[in-house]
Every structure is written in structure tokens, then in C-alpha cells.
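Presented below is the structure to which this report refers.
Laboratory data are not the source of any read-out in this text; all were calculated from the coordinates shown. Treat the numbers as computed from the prediction; the structure is a model and nothing was measured. Here the Cβ positions follow ideal geometry from the backbone for every residue, glycine too, while neighbour counts run over all protein chains shown.
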Amino acid sequence: MSAEPALGLSAAPDGHSVFLAVRVQPGARRRGLSGTWNGVPKLAVSAPPADGRANEDAGLLLAELFGLRSSAVALVRGHSSRSKLYRLELSLAEARDRLERLLS
């Protein structure tokens with residue numbers, strides 16, 4: 001597994017997808033990418049942290065930010081934590097480029 005610790009990215013073993021670590025801020029006024037937190041992207045979502053609504057909103061936001069279908073984004077770890085790990089169906093190079101553009 002290839003790691004990009006500054007971006008929270010790592011390649012999945014299949015080579016066709018990546019894992020992205022994020023920090024989620026539920027109940028935010030504005031929805032979007034709001035910088036980084038401890039070296040990983042920080043997502044602000046408007047949904048509350050109840051009944052998995054913030055998790056769903058964060059997944060939809062990642063799909064929008066990376067230009068993916070919502071089915072191409074899956075929560076892997078962190079269902080009840082603000083620190084989460086998502087799987088995105090795109091290459092490591094594409095994910096790195098898109099994330100760097102979003103953070104600049």
C-alpha cells in the first residue's frame with residue numbers, strides 16, 4: 001500500500017481505487033472542503049451527526065468534489081467518529097491531482 005500521509009491518501013491493493021482519510025465536521029453552516037486537520041482534508045457537512053446522516057452527506061460531498069458517482073464512494077472506517085476512511089474509485093494519481101487542486 002502506497003501512502004501519501006500529507007494528503008491522507010493511500011492506494012488500494014487493486015490499483016483502481018484509493019483510501020482517503022478525512023476529518024468530518026457535522027452541523028456546519030457551509031458545506032465543503034474547509035482545509036486540513038492533522039494533515040488530512042477536513043470536510044464541513046451540514047447534516048447532523050445522527051443516524052449516519054453526516055456520514056452520508058460526507059460521502060456525497062466527496063463524490064461531488066472528486067467528480068464521481070455516489071456509488072463510487074464508500075465509508076470503510078469511522079462510522080461513529082469524526083475521523084473517517086473512505087474508498088474512492090479512482091487512481092492514486094488522479095486523486096492526488098484533484099485533492100491538491102481542491103486544497104490550493
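Across region 80-86, rounded Karplus estimates of 3J(HN,Hα) from the backbone phi angles (6.51 cos²θ - 1.76 cosθ + 1.60, θ = phi - 60°) give 10, 10, 6, 8, 10, 10, 10 Hz, Gly and Pro being marked x. Give, as a single signed number, the net charge of other residues whose beta carbon lies under 14 Å from the beta carbon of D14, with Lys and Arg counted +1 and Asp and Glu -1. Combined, the nearby Lys, Arg, Asp and Glu give 0. Compared with the alpha-carbon gap, the fully stretched path from A93 to S80 is longer by 1.7 nm at 0.36 nm per residue. Each residue of region 92-99 was assigned a 3J(HN,Hα) from its phi angle through the Karplus curve 6.51 cos²θ - 1.76 cosθ + 1.60 (θ = phi - 60°); the sequence is 4, 5, 5, 5, 4, 4, 5, 5 Hz, with glycine and proline shown as x.
Quick one: what do you get for the chain if you divide its Cα Rg by 2.2 N^0.38 Å? Mind dumping the intermediate values first?
On the way: Rg = 12.4 Å, N = 104, 2.2 N^0.38 = 12.8 Å.
Taking N as the residue count of the chain, the ratio is 0.97.
Which longest uninterrupted range of the chain lacks any trypsin sites (Lys or Arg not before Pro) assigned by DSSP to a loop state (not H, G, I, E or B) and surrounded by at most 12 other Cβ atoms within 10 Å? Before the final figure, lay out each step's value.
Details: sites that count: R29, R30, R69.
Answer from the scan: 31-68.
So, counting K/R as plus one and D/E as minus one, what does the shell of residues with Cβ under 15 Å around H79 add up to?
Details: positive: R23, R53, R77, R82, K84, R87; negative: D51, E56, D57.
Charge balance in the 15 Å sphere: +3.
Can you work out the FRET efficiency for the pair W37 and D14, with r the C-beta to C-beta distance and R0 = 35 Å, to the nearest 0.05? For R0 = 35 Å, the calculated efficiency reads 0.80. Near V76, the amide H atoms lying under 5 Å from its own belong to L85, Y86, R87; only residues 5 or more places off or on other chains count, and H is placed 1.01 Å from N. Taking the C-alpha atoms only, the angle from helix 53-66 to the longest principal axis of the chain is near 40 degrees.
Taking amide H as placed 1.01 Å from N in the peptide plane, Q25 has its amide H under 5 Å from the amide H of L43, A44, V45, each at least 5 places away in sequence or on another chain. What is the sum of charges, Lys and Arg at +1 and Asp and Glu at -1, for the other residues whose Cβ falls under 9 Å from the Cβ of T36? It works out to a net charge of +2. Here the dipole of region 3-103 is about 400 debye; that uses its Cα centre as origin and unit charges on the Cβ of Lys and Arg (positive) and Asp and Glu (negative).
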